[in-house]
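Please read the structure below before turning to the comments.
The values are calculated or read from the model by the stated rules, or taken from the named source; none is laboratory data. Fair warning: this is a prediction, and the values are worked out from it, not measured in the lab. Cβ placement follows ideal geometry from the backbone for every residue including glycine, while neighbour counts extend to all protein chains displayed.
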Amino acid sequence: MRKTIRYVSNPAVCEDRAPAALFGKEQAAQVRAYHRSFPAYRPTALRRLDGLAGALGLAGFYVKDESARFGLNAFKGLGGSYCIGRLLAARAGIPAEELTFARLRERDVKTLAAGMTLVTATDGNHGRGIAWTARELGMAAVVYMPKGSAAERLEHIRRLGAQAEITDLNYDDTVRYAAQCEKAHGWVLVQDTAWEGYETIPTWIMQGYTTMALEAVEQIGADAPTHIFLQAGVGAMSGALSAFFADYYAEKKPVIVIVEPNKADCIYRTAAANDGALHTVHGDLDTIMAGLACGEPCTIGWEMLRRYADVFVSMPDCVAAKGMRVLGNPPGSDARIISGESGAATSGFVAELMTNERLRRLRKSIGIGPASRVLCISTEGATDQANYRKIVWDGYCASY
């Protein structure tokens, strides 16, 4: 496949905000109240990068830095912790609005938790979040990773007490394998993607992600973003956050742009086909953006993206690599952000969008320019440090 940037506009962005409430501001407030009850909870930083904004010809550039989330170096612990909490609450008869970490540590719930084994598939960050939550709540966890996964990410999961291994399957087949293990062993599948017949747990995971969006809008305050760039793997995080921003900002909703790697662009392909079907990417899904190396869209995530995202982008790895270098070596007095391959994908795309004349038409179509304020989320830090150094030090994947 030729490395290139391709994009398609959404011709049917929905004005109906009702479905967005599933991930909207009221739901997010309830989710954050739960997260706040964890001793490890701290809001992550929102970095205002004035130097980068000036260099790119923008009025503002905000980056929500998720590398400090729960000490896990990525945002995924938000979804994992909330879905497991809701799972235990449902079995213990605890109303969602009364759910707290302390309640989950009471004897009756601890007894329930001790008898459960969680299973999931992950490229690293989701599995780490599941393993951490399982440890915190006294549960067993089994984590499977796709072929090509970094040994460092595997070890991070094992150090949290989970049983973990790398398979010889791609990501989507690893998900299917984890689902088979659930049935074979009586485990509980806690997967961050949805399909027909498997929707409740993925919805809880997606709702968990809204804590970081609620933090972000409160940290930004009155200088609301005009453009928001979100990265997509299966589309769970980007779908939940697109719905949140649509609900929160209502008629002032910012332009929402979704980015994916060329080699795993199932959301882009689904949007481009515009035929009512979900479109998949097969094969090894070989991209440096490991957290986005997913070939099959999340059904719930796509429904939210179909309604509320404005543009879908497929891009080469070098754009994410550029984002890692830009955030790690900022202009002026901007804070340095250590962002991994998936985390820097959106910032890299914004930098490319604002400096590449071949993208002038896209800039014009989304109305981005000197008066624009951009929000990106760095979803992870350097979760594979050897690869981070290879990209940032050696200039890997410098052009396309």
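Quick notes on this one:
- Among the residues of the stretch 27-51, those that are crowded, with 21+ Cβ neighbours inside 10 Å, in contact with a helix residue (DSSP H, G or I) (Cβ under 7 Å, 6 or more places away or on another chain) and of a type in the set (A, V, I, L, M) comprise 28, 31.
- The residues on offer are 70, 61, and the sole one that is aromatic (Phe, Trp, Tyr), touching a Leu at 6+ places or on another chain (Cβ under 9 Å) and on the phi > 0 side of the Ramachandran plot is 70.
- Residue in the stretch 82-89 that is within 19 Å of residue 209 (Cβ to Cβ), of a type in the set (D, E, K, R) and touching a Lys or Arg at 6+ places or on another chain (Cβ under 8 Å) present: no
- Looking across the stretch 193-208, just one residue is of a type outside the set (Ser, Thr, Tyr), surrounded by 18 or more Cβ atoms within 10 Å (Cβ to Cβ) and in a loop (DSSP other than H, G, I, E, B), and that is 194.
- Test: residue 189 is among the aliphatic types (A, V, I, L, M) and within 21 Å of the chain's Cα centre (by Cα): yes
- Inside the stretch 74-97, residues that are touching a helix residue (DSSP H, G or I) at 6+ places or on another chain (Cβ under 8 Å) and surrounded by fewer than 24 Cβ atoms within 10 Å (Cβ to Cβ) make up a count of 10.
- Matching residues in the stretch 50-82 - criterion: being in a helix (DSSP H, G or I), within 30 Å of residue 193 (Cα to Cα) and among the hydrophobic types (A, V, I, L, M, F, W, C): 68, 70, 78
- Against the conditions (1) in contact with a Ser or Thr (Cβ under 8 Å, 6 or more places away or on another chain); (2) crowded, with 24+ Cβ neighbours inside 10 Å, residue 317 satisfies every one except (2).
- The set of residues from the stretch 341-382 being assigned to a strand (DSSP E or B), among the charged types (D, E, K, R) and either at pLDDT below 95 or crowded, with 21+ Cβ neighbours inside 10 Å (or both) comprises just one member, 380.
- Enumeration of residues in the stretch 271-288 that are over 12 Å from residue 171 (Cβ atoms) and either of a type outside the set (Gly, Ala, Ser) or touching a residue at least 40 places away in the same chain (Cβ under 8 Å) (or both): 271, 272, 274, 275, 278, 279, 288
- Among the residues of the stretch 1-17, just one is surrounded by fewer than 18 Cβ atoms within 10 Å (Cβ to Cβ), modelled with pLDDT of 85 or more and either touching a Pro at 6+ places or on another chain (Cβ under 8 Å) or in a helix (DSSP H, G or I) (or both), namely 4.
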